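Comments concern the structure below.
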Amino acid sequence: MLESIKNTLLSGVGMALRSKKEIETFAKEFAEQSEMNQKEAKDFLEECKKRYDDAKSGLDKKLEEVVESVLKRLDLPTREDVDTLNARIDALSEKIEKDA
């Protein structure tokens with residue numbers, strides 16, 4: 001029973017949707033209430049932190065992919081496109097000034 005509760009708490013989505021402080025507080029309270037020894041509690045807290053970082057990283061990456069996909073469908077220029085155009089404008093402006 002304790003193991004299934006622990007696994008549920010460590011699920012990726014649940015971790016990613018909470019703040020790191022909330023996860024630490026919850027892990028400490030869970031460790032105290034489940035009467036874990038000090039090493040088990042420390043290991044559990046470290047596992048919670050690692051899973052939080054992994055889940056957050058995965059969620060951030062997925063969000064970037066979704067935003068990029070939406071931008072492509074909207075056919076909006078990317079930052080790189082704008083930078084390229086700015087460089088071309090600067091080069092043309094220089095050429096015009098030299099020729100004038």
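Within segment 35-51, identify whether any single residue is of a type in the set (D, E, K, R) and exposed (fewer than 11 other Cβ atoms within 10 Å of the Cβ), and answer yes or no. Yes: segment 35-51 contains one or more residues that are of a type in the set (D, E, K, R) and exposed (fewer than 11 other Cβ atoms within 10 Å of the Cβ). Among the residues of segment 76-97, the ones that are part of a helix (DSSP H, G or I) and of a type in the set (S, T, Y) come to 2 in all.
Bear in mind these aren't lab numbers, they're just calculated from the coordinates by the rules spelled out. Values in this document were obtained by computation on a predicted structure and should not be read as measured data. Don't worry about glycine lacking a Cβ; one is built from the backbone with ideal geometry, like all the others, and counts go over all protein chains shown.
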